[in-house]
Amino acid sequence: MAQSDALPSQPPAADVLSHDYDGIQEYDNPLPKWWVYLFYATIVFALVYVPYYQFGPGASPRATWAQDMNEWYVLHPPPKLASEQELAAMAEQPGFVEAGAAIFSVRCASCHGPDGGGLVGPNLTDQVSLYASDRNHIARIVYSGTAKGMLAWKDQLGIQEIYQVSAYVRSLRGTTPANPKPPEGQPIVDAPPAPAPAK
């Protein structure tokens, strides 16, 4: 047998721990000093970090994230959506509402029902609303979502698609769904038409 293939020699008796389990002995092989000191350093760091950032004057990671997001929104404000009059004019364009119906059937029917009668989401056909019912408010809700669980579609739909599906949602009011969900919210009170300008 070559010298390099020889079995390793037994460790010195001083390096073998005293306990013995079924004839198995454990060799005393301590961790490197640099590793042990690094471990102790992490303990000291935690003893300083946690009180300072969680209970002291230091900003917590959550607060830092919130501040960064606020700054981002200041630099990237949401776009100014179309006005009520502009949305009403869009809804008169041929095929505009129909395009919104196609988007609704794919994106919205799972929560509001295929005919807008409501499932998880509210009924869109009755004369009550959880939120404002003006065209521009509907578009804003589709764009930004709601605190009660509606998804913000601004990252999945283009602005034109948001206007189209909003126009279709507005057109559902007063229709008769097959199985309407009970009313939720406040009665819708439409603003009176603006008086004609004096001649």
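The values are calculated or read from the model by the stated rules, or taken from the named source; none is laboratory data. The structure presented is a predicted model; accordingly, all values stated were derived computationally and were not measured. For neighbour counting, all protein chains shown are included, and Cβ atoms are generated from backbone atoms with ideal geometry for every residue, glycine included. Accessible surface areas use protein heavy atoms only, side chains included; no ligands, DNA or RNA. Shrake-Rupley method; radii C 1.70, N 1.55, O 1.52, S 1.80 Å.
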Provide the FRET efficiency to the nearest 0.05 for the L130-F55 pair, computing r from the beta carbons and using R0 = 45 Å. 0.70
Starting from the 7 Å offset along Cα-to-Cβ, what nm value, one decimal, do you get for the label separation of D28 and T175? 8.4
Nonlocal amide H pairs with V128, under 5 Å, H built at 1.01 Å: I188
Under the Karplus relation 6.51 cos²θ - 1.76 cosθ + 1.60, θ = phi - 60°, what is the ordered set of whole-Hz ³J(HN,Hα) values for the stretch 89-102, x standing for Gly and Pro? 5, 4, 5, 7, 5, x, x, 5, 5, 4, 5, x, 5, 5
Helix-derived mean residue ellipticity, 222 nm - over the chain, DSSP H n ≥ 4, -39500 (n - 2.57), to 500: -12500 deg cm²/dmol
Picking from A147, V165, Y131, whose Cα lies most toward the positive end of the charge dipole for the stretch 85-165 (charges on Cβ: Lys, Arg +1; Asp, Glu -1)? A147
Counting other Cβ atoms within 10 Å of each Cβ, which trypsin sites (Lys or Arg not before Pro) in the stretch 76-161 have at most 13 and sit in a DSSP loop? K80, K148
Report the calculated FRET efficiency for E71 and V48 (r = Cβ-Cβ distance, R0 = 41 Å), to the nearest 0.05. 0.90
Mind giving me the nanometre distance, one decimal, between the label points for S18 and R62, set 7 Å out from Cα along Cα→Cβ? 5.1
Out of S60, S133, S18, a Gaussian network model of the chain with alpha-carbon springs under 10 Å gives the largest mean-square fluctuation to S18
Does a label point 7 Å from the Cα of E84, set along Cα-to-beta-carbon, have any residues of the stretch 128-168 with amide nitrogen under 15 Å, and which are they? 132-140
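For the chain, with all protein chains present and a 1.4 Å probe, just round the carbon and sulfur fraction of the accessible area to a whole percent. Display every interim value, and only then the final one.
Working: 9050 of 14760 Å².
C and S atoms contribute 61 percent here.
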Restricting to Cα pairs under 8 Å and 6 or more apart, the percent relative contact order of the stretch 21-147 works out to 15
